[in-house]
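These notes are about the structure you will find just below.
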Amino acid sequence: MVLDAFTCASNIPVPEILSQILEGTIEIICNAKHVLIKGETFMELANYLKRIVPILKELNKKDIGHSESLNDAIAILSKEIKAARELTEECTKMNKVYLLLKCRTIMKRLEETTREISRALGLLPLASLDFSSGIVEEIGKLHDSMERAEFKAAVAEEEILEKIDSGIQERNVGHSYANKLLVSIAEAVGISTERSALKKELEEFKIEIENARLRKDQAETIQMDQIIALLERADVVSSRKEKEIKYFTKRRSLGSQALDPLQSFYCPITRDVMVDPVETSSGQTFERSAIEKWLADGNKLCPLTMTILDTSILRPNKTLRQSIEEWKERNMMITIASKKSKLISEEEEEVIDCLEELEDLCEQRDQYREWMILEDYITDLIQLLGAKNREIRNHALAILHILSKDSDDAKERVGKVENAMESIVRFLGRRVAERKLAVALMLELSKCNLVRERIGKVQGCILLLVTMSTSDDSQAAADAQELLENLSFSDQNIVQMAKANYFKHLLQRLSAGSEDVKMVMASTIAEMELTDHNKASLLEGGALGPLLHLVSNGDNEMKIVTVKALRNISSLPSNGLRMIGEGAVGPLLKLLFQHISLSPSLREEVAMIIMHLAMSTTSQESSSTPISLLESDEDIFKLFFLVNLPGPTVQQNILQTFNALCQSPASSSIKEKLSECSAMQVLVQLCQQVNSSVRANAVKLLSFLVKDGDKATMLKHVDENCLKTLLLIMQSSINMEEITSAMGIISYLPENPEITQWLLDAGLLNVISNYILNNRQNDSHRSHLVENAVGALCRFTVPVNLEWQKKVAEADIIPALVWLLDFGTALTKTYAAISLTHLSRSSVQLSQPIPKRKGFWCLSAPAEMGCPIHGGICSVKSSFCLLVADAVGPLVSVLEDPDPGAREASLDALSTLIEGERFQSGGKVLAQTKAIPLMISLLSSSPPGLLEKALNALERIFQLPEFRQKYGPSAHMRLVDLTQRGSSRTRSLSARILAHLNVLHDQSSYF
């Protein structure tokens, strides 16, 4: 049982008293956890008392004799524990505001109790109580700690109390001051700042004041009444109607004419109406600053009575000051009411002057602002926002901002004026100064729920705010950002922000909102037409993590929306690479491989995302670490076999995925794994697909596999039926990429005579001829097709079959090949040079002998001139002669091409001119076309194969003395260098040439 009163009466045994003290102490410790204010301070006291409990228990065990100091200690403990118990109970039950306003008193009482308990501990006769040394030491520490303990109100609490004191002394503080004060109090005691919560708290506060009145605590009642009077000026206390009735009742009672000041209002020194009147020892009143200056100048006499003044006496004349304030208030109320009519004047200067005066009054006192609000200046000011004069508009905006600050009433009035928000929003698109004023006003208005809802609905408002949020003006940008923050309460506003490329709040809701909100945010991303900048911003802002979480954990409807959102942002290559790096592939593949339970639409969306990610891997920089889409063989196999699922969209996306991967850094591995899973067989079947997109992608992927594939596998699957399909595609398709891929497959096929003959009979040469001959306009879009066409042509130009070569010549393809040596790509030049090499090797046997002249030489026609190289009669179509075809010059030019493959193929073609017995005549042609210096230049930094071919050509050329003499010096050092660092073959060839140049003996060991 806890005793209601503690006493040390002699008729109560000491052990019982100690038990009562102990029970009270324990109750305080328990209740300290539940106090409504200053909990940390009560817990500090409770911690002291926890340490006292063992001492009390030990004391109760002792056989205590008569000791005056011990009785005094117990009496003090009894009294102070009772006081602390009562205070703790009060602070667990009373109104929070009431307790805050009494916190100084509470802290003082706690401090006094703590020190009195310390004094009681100091009175214990430790020597006679036979305590252990540990308890004695603990009592000493407690005594010292509690004696030094200081309990004070927190800084925030002190600031509130000072504001209350200031507000009580300053009669004319208005609603704004009271609003801020009330919010500070609410935040300090941990209650909601909503109007209803504040009003309820104030009602409870009034009840506490009535209780104090019943306790006949007169001083406290007076103080609390003053505080209530101050707080009741806040907006939450009175309704607008109540305020208006009170204001207009007073204002109408004043009349319409301002009153002149009474003579007593004037300072005898300054002759101005006083602000801070003080009374001197002579009984006269002066303005404080004026009389202080009078005395500071050394004057000892009263300015009016000339009696000696006591300089230490300057008493505030509160009665006079109150009269002056009432006079000013009366006149200002009349003045503010009278200026309203001037705002509708047709004279702009008069309107501007009036606005300047009103703006100045707004800055002076909160009370004046409240009167202007009650006089409904807001409606007139909003009307002035449409004025033609910019100065009028700016003043109107500025005054509206001042009136709205800290006034919910003003904000609501602005919101209720028709088209008010539309008028204000228009300023966001005007000059800098007007924009700044408008956004500052809107920021203030957005603190009111009613107005905030209307701001976001104004057309173009959010877009303009987003634009302002990144402006050069730091204050305007900060205001715009804060305003967007305030508007983010609405999902619709957040969607509008996202459409203006401001994703901050959308991403926050996507991550931390409810399931319904997440659905809305994901749908927004899914449905928006995103620019590349939008896509990058979303991923950089952290959209990927929440979306992947929803993909893995959401219901089917959520999965569909989220996957669409991911598809929308994954199409940017940099996003794709980042998504792969941040682990997006695993969850997507897991979802895609659930194809049995997956809806067709969802499967298509996921497949498209995978395709986007695959395409991103083709855009990697060579300097960066390669990023792979598919890490395991199992993923490659499982993904590829999804092409067997029904639905052309999924098939197309899967094929596009592998087409992209075959162009990525992981292409070799991908091709190898596809070959292992018999992908070529599947693709050959898909090449016959009715759906043109699926077929085109299948042909393209097949071309990638055939290019580097196994010849036996290639011949096994690319059979006659497949070739017919490819030929049909080349003849009928309108898809240039598909035709190019089909032509590529043909060009990569092994040079099998049976296949070549079948292709010739099937009309492939005519198809090739058509694409090569129709490309003379150097159309870059067809360059890849021409590459493959010229590559496919090579199989028809091999020297083993003259009939094939003749058909090529008869199709007028040779001049086109010569043209491509100048204008084709590097690979086209390579293929063209290879075909010309093949054809040139047949020129010797096809060159026709020159007919002998018959009859008398003097009477017969001049003999026909033979070919300088082949000696007979040559033509392009009959003997494929490079000289007649004007191919030598272009081939020589290709020797300077950066591509080593093109240089080597060109050298092969030119080398056919010096084969066998033709090296002398052919060498002259090469000299005339300046090919020999270029061949010598190939001795430096060329690949081994090209280097060896260049040495072979020069070895034949330098057999002729005239060439040794002319070109030997330029080749000398290069050849010497090759004898020292080249392979055994190149060293041997170099030595043989040096022997021709008489640099080495022809019996040198290099041979």
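Estimated purely from DSSP H runs of n ≥ 4, each contributing -39500 (n - 2.57), the mean residue ellipticity at 222 nm for the chain is -21000 deg cm²/dmol once divided by its residues. Scoring 572-581, 31-40, 134-143, 651-660 by mean Cβ neighbours within 10 Å over their residues and listing the highest first yields 651-660, 572-581, 31-40, 134-143.
Charged neighbours of residue 752, selected by a Cβ distance under 11 Å, balance to 0 (K, R count +1; D, E count -1). Extension gain, residue 299-residue 61: 0.36 nm per intervening residue step, less the Cα-Cα distance, totals 78.0 nm. D for the stretch 508-619, whole µm²/s, Stokes-Einstein with Kirkwood Rh over alpha-carbon pairs at 37 °C and 0.692 mPa s: what number? Answer, rounded: 239 µm²/s.
Need one number for the stretch 156-237: average projected area of the convex hull over its C-alpha atoms, nm².
Answer in nm², one decimal: 5.1.
Each of 930, 447 has its accessible area taken with a 1.4 Å probe; listed largest first, they run 930, 447.
The listed residues 146, 865, 306, once ranked by accessible area (1.4 Å probe) with the largest placed first, stand as 865, 306, 146.
What angle, in degrees between 0 and 90 and rounded to the nearest 10, separates the Cα long axis of helix 667-676 from the longest principal axis of the Cα atoms of the chain? Tilt relative to the chain: about 70 degrees.
Here's the list of aspartates and glutamates a cross-link from residue 671 could span, going by alpha-carbon distance under 18 Å and ignoring same-chain residues fewer than 8 apart: 631, 633, 634, 635, 708, 710.
Rounded, prolate or oblate: which fits the stretch 920-1006, taking a ≥ b ≥ c as square roots of the Cα gyration tensor eigenvalues, rounded meaning a/c under 1.5, else prolate when a/b beats b/c? Judged from the Cα gyration tensor, the stretch 920-1006 comes out oblate (a/c at least 1.5, b/c at or above a/b). A Förster radius of 51 Å combined with the Cβ-Cβ distance from residue 850 to residue 668 puts the calculated FRET efficiency at roughly 0.40.
The residues packed around residue 368, meaning those with a beta-carbon under 12 Å from its beta-carbon, carry a net charge of -4 if Lys and Arg are +1 and Asp and Glu are -1. The distance from the alpha carbon centre of the stretch 365-392 to that of the stretch 453-481 is 23 Å, rounded to a whole number.
Each eigenvalue of the Cα gyration tensor of the stretch 286-386, multiplied by 5 and square-rooted, gives one semi-axis; in descending order these are 43, 15, 11 Å. With each label modelled as a point 7 angstrom along the Cα→C-beta vector, the residue 896-residue 920 pair spans 3.2 nm. Packing here is the average count of other Cβ atoms within 10 Å per residue, and on that basis the peptides 475-487, 689-701, highest first, run 689-701, 475-487.
For the stretch 920-1006, which whole percent of the accessible surface, found with a 1.4 angstrom probe, sits on carbon and sulfur atoms? Walk me through the numbers on the way to the answer.
Values: 2060 of 4310 Å².
It is 48 percent, rounded to a whole number.
Assign one of three labels to the stretch 53-199, namely rounded, prolate or oblate, based on the Cα gyration tensor with a ≥ b ≥ c the square roots of its eigenvalues; rounded applies when a/c is under 1.5, prolate when it is not and a/b is larger than b/c, and oblate otherwise. Verdict is prolate for the stretch 53-199. Apply the a/c threshold of 1.5 to the C-alpha gyration tensor of the stretch 256-320 and tell me whether it is rounded, prolate or oblate. It comes out prolate by the Cα gyration axes.
Rounded to the nearest 10 degrees, what's the angle between the helix 764-773 long axis and the longest principal axis of the chain, both from Cα atoms, 0 to 90? With rounding to tens, the tilt is 70 degrees. Only one residue of 371, 978, 73 has its Cα farthest out toward the positive end of the dipole of the chain, where Lys and Arg carry +1 and Asp and Glu -1 on Cβ, and that residue is 978. Against the chain, whose longest principal axis is taken from its Cα atoms, helix 944-957 shows a tilt of about 30°.
Averaging 1/r across all pairs of distinct Cα atoms in the chain and inverting the result yields a Kirkwood radius of 40.4 Å.
The spacing between the stretch 945-991 and the stretch 575-599, judged by their C-alpha centroids, is 59 Å. Among 818-831, 661-674, the peptide with the highest mean count of other Cβ atoms within 10 Å heads the list, and the full ranking is 818-831, 661-674. Determine the distance separating the Cα centre of the stretch 530-574 from the Cα centre of the stretch 785-816; give it in Å without decimals. That distance is 52 Å.
Would you mind estimating how fast the stretch 344-500 diffuses translationally, via Stokes-Einstein at 4 °C and 1.567 mPa s with the Kirkwood radius over Cα pairs, in µm²/s?
Approximately 83 µm²/s, per Stokes-Einstein.
Treating the beta-carbon of each Lys and Arg as +1 and of each Asp and Glu as -1, no other charges, what is the dipole magnitude of the chain about its Cα centre, to the nearest 20 debye?
Numbers: 113 positive and 133 negative charges, 746 e Å.
Approximately 3580 debye in magnitude.
Each Lys and Arg Cβ is given +1 and each Asp and Glu Cβ -1; about its Cα centre, the stretch 156-237 then shows a dipole of about 320 debye. The charge dipole of the stretch 627-683, taken about the Cα centre with unit charges on the Cβ atoms of Lys, Arg (+1) and Asp, Glu (-1), comes to about 200 debye, rounded to the nearest 20. Simple rule: put +1 on each Lys or Arg Cβ and -1 on each Asp or Glu Cβ in the chain, find the dipole, and look at 352, 407, 121; the Cα lying farthest toward the positive end is 352. When the stretch 875-921 is described by a simple charge dipole with +1 on each Lys and Arg Cβ and -1 on each Asp and Glu Cβ, the residue from 910, 879, 921 located farthest towards its positive end is 879.
The values are calculated or read from the model by the stated rules, or taken from the named source; none is laboratory data. These numbers come from a predicted model, not from an experiment. Counting neighbours? That spans all protein chains shown, and the Cβs are built from the backbone with ideal geometry, glycine included. When the accessible area is computed, the model is the full protein with side chains, heavy atoms only, and any ligands, DNA or RNA have been set aside. Shrake-Rupley method; radii C 1.70, N 1.55, O 1.52, S 1.80 Å.
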